[in-house]
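Starting off with a structure, shown below.
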Amino acid sequence: MDITVHHTFLPADDPEASLAFYRDTLGFEVRNDVGRGTMRWITVGPADEATTSIVLHPPAVDPGITDDERRTIAEMMAKGTYATIVLATKDLDGTFERVQARDAEVVQEPTEQPYGVRDCAFRDPAGNLVRILERR
């Protein structure tokens, strides 16, 4: 089979702050931006990898979600336990320094993990965990 990741979705409760993080801090290109206000779906991705994208979307707007589920999602986002994405770079230390210099919330400095990767972690403006590992 020939299967690849095309889109993944991350909640974004402040579209402008999330756009600034993914575009300006991580250097992703904006591929699509639809809607307005807090009801925006913004698609971003690495400029050199046009087939993989992240869609930053309003959390809990699906009509099938109950009010209790919306509250739970909001609570989990506030704690930073709702969503995670793992990215990769060839220069972890340089990437860490650039992201940290833009005042992103550092969760973990570059660390050699016992499971064989070296990585770091930040929170994006919506509280999503963004792990960045070094390609070997």
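The values are calculated or read from the model by the stated rules, or taken from the named source; none is laboratory data. Not measured: the values here are computed from a predicted model. Quick reminder, even Gly has a Cβ in these numbers, built from the backbone with ideal geometry, and neighbours come from all protein chains shown. What goes into the accessible areas is simple: the full protein's heavy atoms, side chains included, and nothing from ligands, DNA or RNA. Shrake-Rupley method; radii C 1.70, N 1.55, O 1.52, S 1.80 Å.
Out of the stretch 44-60, which residues are in contact with a strand residue (DSSP E or B) (Cβ under 6 Å, 6 or more places away or on another chain), closer than 17 Å to I132 by Cβ and either in contact (Cβ under 8 Å) with a residue 60 or more places away in the chain or assigned to a loop (DSSP other than H, G, I, E, B) (or both)?
Passing the criteria: A47, T52.
Tally up the residues in the stretch 102-111 that are under 14 Å from D91 (Cα atoms) and open to solvent by 100 Å² or more (accessible area, probe 1.4 Å), please.
The qualifying residues number 1.
Now for a separate question. Give me a count of the residues in the stretch 44-64 that are open to solvent by 40 Å² or more (accessible area, probe 1.4 Å), more than 20 Å from G94 (Cβ to Cβ) and of a type in the set (A, V, I, L, M).
Within the stretch 44-64, residues that are open to solvent by 40 Å² or more (accessible area, probe 1.4 Å), more than 20 Å from G94 (Cβ to Cβ) and of a type in the set (A, V, I, L, M) number 2.
Please specify each residue of the stretch 10-43 satisfying the condition of being assigned to a strand (DSSP E or B) and open to solvent by less than 50 Å² (accessible area, probe 1.4 Å).
L10, P11, R40, I42, T43
Further question on the same structure: Take Y22 and decide whether it is more than 25 Å from R135 (Cα to Cα), within 13 Å of the chain's Cα centre (by Cα) and not hydrophobic (A, V, I, L, M, F, W, C).
It is false that Y22 is more than 25 Å from R135 (Cα to Cα), within 13 Å of the chain's Cα centre (by Cα) and not hydrophobic (A, V, I, L, M, F, W, C).
In the stretch 67-98, which residue that is touching a residue at least 24 places away in the same chain (Cβ under 8 Å), out of contact with any Asp or Glu (no Cβ under 8 Å at 6 or more places or on another chain) and farther than 21 Å from F9 by Cα is most open to solvent (accessible area, probe 1.4 Å)?
R98
Would the stretch 35-56 turn up any residue that is touching a helix residue (DSSP H, G or I) at 6+ places or on another chain (Cβ under 7 Å) and among the hydroxyl-bearing types (S, T, Y)?
Looking for residues that are touching a helix residue (DSSP H, G or I) at 6+ places or on another chain (Cβ under 7 Å) and among the hydroxyl-bearing types (S, T, Y), one finds at least one in the stretch 35-56, hence yes.
For T95, are the conditions met, namely being assigned to a strand (DSSP E or B), closer than 28 Å to E49 by Cβ and modelled with pLDDT of 95 or more?
no
In the list R71, R31, which residue meets the criterion of being within 26 Å of V107 (Cβ to Cβ) and basic (K, R)?
R71
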